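The values are calculated or read from the model by the stated rules, or taken from the named source; none is laboratory data. Just so it is clear, the structure is predicted and the values come from calculations on it, not from any experiment. When we count neighbours, we look across all protein chains shown, and the Cβ atoms used for this are built from the backbone with ideal geometry, even at glycine.
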Amino acid sequence: MVRRIYVETVLKYLGTGVSKPAVIIADDYQQYILKTQKVVENGKSKVYDCMFLNEILAYQIARYLGVPIPEAAVAYLDKRIIDKDPSITFVHRFYEGNLFASLELANKEENLVENYEEMMKMGKAYLSRTWNAFFSKIVNAEDIAKIIAFDLLIANFDRYGNTGNLLVATVDEGRKIFSIDHGHAFFGPTWETGKINNLRSPTATLDYVDAFVNAVLHNNVGRGFADGLGSVFHAIEPNIDLTDLSNHSFRDIVYIIEHITEDVVDNWLSDIPDEWFIQTDKTSQISYYKHFILNQKNLVRHIIQRLAERQAFTNFLGGALKWKAEKNVGTV
């Protein structure tokens, strides 16, 4: 069950991301990052009507797979709080009702991200070895394979070109990497024809696998290799070991992914607030999301194989990766 909380007070607003989230204190006395679906994109107001659905569904999948992710909650923002400070709505675009929130992690490291973004604005070079150092010496390096496989399952193309979508925080065990921000997963935050067609598209064919891999590598499709994944990906992928084709980093997580059942997906969807669905198209929306997850889960292994062949992973020496449960799916 995703926990339910009530917003007690808004502490501050954050300047990162299109949605400009807020830091709030909830009725459990903990601090959360609160998001709104009302955003400004390219200077125009827009509603990301699938963002909360993407976030909460991705959160539930991450928890099921053991992907490190801050605890999420459905946070109710009461009208009485807005009445006391109308700028919550009129300036910052938050509104009464159930909003998506995630627990704010203590001791998170943000200086590198802030410095990187400032360097980019100034047009200055920033060496990838700085990212390598940032993601080194983490205590859960084995979770990186989980995060990558998870992203392939949920069509999360926003991770490696967005420097803020992986977070490092110091916990009792040491420096730990966390997966955050999944509002653009499942082919985007708005319910539109392109997204629907993509959710319908998973098929066990080489054409689909190659098209999906090309989408992952969108920055550099022409060269055919995985350079387009960016500096963040290149900083973390050395933790992926594919040298032993029979005992590689993705073997266990793909096994778990492939054993996701329809009942499990139904339970995830049933725990989502009704208003986070498109009310005029809820039945179809649920059907499309289910269709995508239950078909994509069997294709993740083939996508990983193709990414490896296109040199996404430095620790791959060639050959066909072996899996716990061999599948003969369609023509792939």
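Values for this structure:
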{"item": "Cross-chain or 6+ apart pairs with Cβ under 9 Å, the range 58-74 first and among the basic types (Lys, Arg), then modelled with pLDDT of 95 or more", "result": "Arg63/Ile69; Arg63/Glu71; Arg63/Ala72"}
{"item": "Leading residue by the ranking (surrounded by the fewest Cβ atoms within 10 Å (Cβ to Cβ)) among those in the range 83-97 that are assigned to a loop (DSSP other than H, G, I, E, B) and either on the phi > 0 side of the Ramachandran plot or free of Cβ contacts under 8 Å to residues at least 24 places away in the same chain (or both)", "result": "Pro86"}
{"item": "Tally of residues being touching a helix residue (DSSP H, G or I) at 6+ places or on another chain (Cβ under 8 Å) and either assigned to a helix (DSSP H, G or I) or at positive phi (or both) across the range 59-82", "result": "8"}
{"item": "So Tyr48, is it modelled with pLDDT of 95 or more, closer than 18 Å to Ile278 by Cβ and not assigned by TED's automatic domain parsing to the domain that holds Phe277", "result": "yes"}
{"item": "The range 1-33 - residue that is under 26 Å from Ser45 (Cβ atoms) and assigned to a loop (DSSP other than H, G, I, E, B) and, of those, modelled with the highest pLDDT", "result": "Pro21"}
{"item": "Condition met for Lys46 (over 15 Å from Gly97 (Cβ atoms), of a type in the set (D, E, K, R) and assigned to a loop (DSSP other than H, G, I, E, B))", "result": "no"}
{"item": "Residue in the range 241-248 that is in a helix (DSSP H, G or I), at pLDDT 95 or above and more than 20 Å from the chain's Cα centre (by Cα) present", "result": "no"}
{"item": "When residues of the range 261-317 are limited to those that are basic (Lys, Arg) and farther than 24 Å from Leu99 by Cβ, the one surrounded by the most Cβ atoms within 10 Å (Cβ to Cβ)", "result": "Arg301"}
{"item": "Residue satisfying all of: in the range 268-303; under 20 Å from the mean Cα position of the chain (by Cα) and among the polar types (S, T, N, Q); farthest from Cys50 (Cα to Cα) among these", "result": "Asn298"}
{"item": "Leading residue by the ranking (modelled with the highest pLDDT) among those in the range 136-187 that are in a loop (DSSP other than H, G, I, E, B) and of a type in the set (Asp, Glu)", "result": "Glu142"}
{"item": "Residues (at pLDDT 55 or above and either of a type outside the set (A, V, I, L, M) or in the same structural domain as Met51 (by TED's automatic domain parsing) (or both)) located in the range 116-135", "result": "Tyr116, Glu117, Glu118, Lys121, Gly123, Ser128, Arg129, Thr130, Trp131, Asn132, Phe134, Phe135"}
{"item": "Positions within the range 233-244 being touching a residue at least 60 places away in the same chain (Cβ under 8 Å) and either among the charged types (D, E, K, R) or surrounded by fewer than 16 Cβ atoms within 10 Å (Cβ to Cβ) (or both), in sequence order", "result": "Glu237, Pro238, Asp241, Thr243"}
{"item": "Answer from Ile278, Ile286 - the residue that is assigned to a loop (DSSP other than H, G, I, E, B), in contact (Cβ under 8 Å) with a residue 12 or more places away in the chain and closer than 24 Å to Leu199 by Cβ", "result": "Ile278"}
